[in-house]
Structures are given as structure tokens and as C-alpha cells.
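Step one of this worksheet: look at the structure below.
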Amino acid sequence: MLYNTDAVVVKTVRYGEHSAIVTLLTPSGLVSAMAKGALKPQSRLAAGTRLCAQGTYFLYQGHGMGDIRQVQLTASRRRLHEDIEAAAYAAYFCDLALVSTPERPHAPKAMFTQFSAVLDALELRDETPPDLLARVYEAKICSWLGASPNWERCIRCMGPLVPPAAYHMTEGGLVCGPCRRDVDRSAEFVVPERTGRLLTAFTEVDVRRLGRIQVSPPTRRSLDAILSHQLREFAGLHGKAKDVLDQIIRSLRLD
Ligand SMILES: [Zn+2]
């Protein structure tokens with residue numbers, strides 16, 4: 001069967017001397033396919049097998065893994081390969097997409113459109129700093145994987161988040177000031193007041209229409225800590241990709 005689909009490359013692995021196995025994120029989920037001869041110098045498939053490349057992929061599906069026959073690129077996203085910080089974030093986003101998205105045809109289309117928009121925003125480096133872009137994408141993944149509480153309500157009494165609210169690490173949500181009297185203090189950390197509202201906004205915003213976001217450094221640190229913990233402990237994503245990203249970003253800051 002020959003078919004075509006929009007897709008973004010989220011993983012590419014060398015296979016043999018000249019070929020690659022490519023994992024594509026499509027509007028209905030992940031699919032892996034062989035790109036035969038893609039690593040030969042003159043291959044017309046070469047550009048379509050690089051990480052973050054996007055376009056229309058023409059695939060032949062026989063028994064077993066399909067073959068990529070042709071690619072019409074709409075975005076090569078070259079800058080994501082040239083700038084170290086952007087490349088580090090792009091690799092992290094691809095890894096998140098890879099570990100969180102179901103196989104074709106079981107994923108909601110938003111997982112594709114929002115991922116593609118996150119890469120566009122990262123490449124344009126327009127108004128959203130890359131760390132906040134990461135928080136937006138992480139908040140959405142928590143929600144898609146059913147690991148998102150109502151971020152604007154106390155997970156204990158379901159009431160509003162009367163300050164000083166805290167993130168509770170074993171219950172996976174925010175707890176209001178009055179409820180915190182009964183909470184083990186070693187399992188929580190206090191969060192700045194806007195945290196819950198921002199987490200809701202990040203979960204719901206369409207990245208294609210993301211405007212300027214301004215967030216103070218303490219709130220950024222708290223969003224990072226909450227979403228890292230939530231993805232690991234409640235969405236079950238145990239990969240090392242976030243640690244690798246954090247190490248690269250730290251080393252860039254030292255220069
Ligand atoms: Zn409460």
C-alpha cells in the first residue's frame with residue numbers, strides 16, 4: 001500500500017552503510033520507516049531524514065516496516081541544527097514526542113500540530129524563551145497523558161488556591177494554604193502565586209497563537225520543578241533527556 005502523510009522526524013538511526021530508520025510523528029501518531037540509501041551523498045531522501053525535518057512523506061507499507069519513497073519538505077529547520085542551545089531543546093522536544101505519543105493511528109491530532117508549532121517557535125526564537133516553550137510543551141504532555149490535575153484548584157479540598165500554596169510531590173498537584181496545615185512539609189515546596197494560573201494557560205494555549213509570556217525567575221524555577229516531577233512520577237516518563245538538556249544549558253551559561 002502506498003500512502004502519504006504529513007510528518008515531522010523525531011528520531012533517526014543509521015541502518016547499515018547508507019540507510020536510516022526514521023521515526024515520524026504524523027497527525028495520527030508515530031510510525032517508523034526505512035529510508036533506503038538516505039545517507040548516500042546525492043540521496044534525494046537525505047534532507048527528509050534529519051531531526052525536526054517536516055513535510056509530506058510518501059510511504060510504501062508492505063509486510064513489516066514501511067519504506068520512505070519520496071519526501072516533499074515544507075520545513076528543514078536548519079537553525080535547530082546550527083545553534084547549540086536550540087539544538088539541545090529540539091533534541092529534548094523530539095525525545096518527549098517519541099516517548100509520549102502513541103503509534104499511528106491512536107494519537108490525537110493536537111500532539112502533531114502543537115509539536116510542529118513548538119519547533120517553529122523555537123526556530124524563529126520570536127517572543128517565547130526556549131525554557132518557557134519547554135514548560136508549555138511539558139504541560140500539554142502531562143494533560144495528554146492524563147497526568148494533569150486542575151492546576152487552579154487545591155487537590156485536597158478542590159477550593160481556590162489560597163496562598164501560600166504549595167506543590168505536593170506525592171499527590172501530584174497544588175495544595176492551598178489552609179490544607180497545608182495537615183501536609184507533611186518534606187513532601188512539598190511553596191510556589192509563587194501565579195503558578196497555577198500559568199500551568200492552566202500552558203496546558204490550554206494553542207502554541208500557534210502563543211504571544212509574549214513574561215515570567216519571573218522564581219516562578220520559572222518552580223514551573224520547571226513541578227513539570228519535571230509531574231512528568232517523571234505521574235506521566236511515567238523516566239527518560240534522561242531532561243537531565244541531558246539541563247547539563248547542556250548549564251554548560252552554555254558558564255561560558
Ligand atoms: Zn485546600
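The values are calculated or read from the model by the stated rules, or taken from the named source; none is laboratory data. Just so it is clear, the structure is predicted and the values come from calculations on it, not from any experiment. With ideal geometry, Cβ positions are generated from the backbone for all residues, glycine too; neighbour counts draw on all protein chains shown.
Some observations on this one:
- Cβ pairs under 9 Å, 6+ apart, first in segment 74-86 and of a type in the set (D, E, K, R), second exposed (fewer than 15 other Cβ atoms within 10 Å of the Cβ): 79/124; 79/125; 83/125; 85/252
- Which numbered condition residue 219 misses (of (1) in contact with a Pro (Cβ under 7 Å, 6 or more places away or on another chain); (2) crowded, with 19+ Cβ neighbours inside 10 Å; (3) of a type in the set (S, T, N, Q)): (2)
- Set side by side, the residues 185, 209, 156 differ, and just one is over 20 Å from the mean Cα position of the chain (by Cα) and away from the ligand (no atom under 15 Å from the Cβ), which is 185.
- Residues located in segment 98-152, provided they are among the β-branched types (Val, Ile, Thr), over 20 Å from residue 12 (Cα atoms), surrounded by 18 or more Cβ atoms within 10 Å (Cβ to Cβ) and at pLDDT 95 or above: 136, 141
- Of all the listed residues (14, 44), the sole one being surrounded by fewer than 17 Cβ atoms within 10 Å (Cβ to Cβ), out of contact with any helix residue (DSSP H, G or I) (no Cβ under 7 Å at 6 or more places or on another chain), closer than 30 Å to residue 252 by Cα and outside the structural domain of residue 241 (by TED's automatic domain parsing) is 14.
- For first residues located in segment 199-226 and without any contact (Cβ under 8 Å) to a residue 24 or more places away in the chain, partners that are among the charged types (D, E, K, R) and lie 6+ apart or on another chain with Cβ distances below 9 Å form the pairs 204/140.
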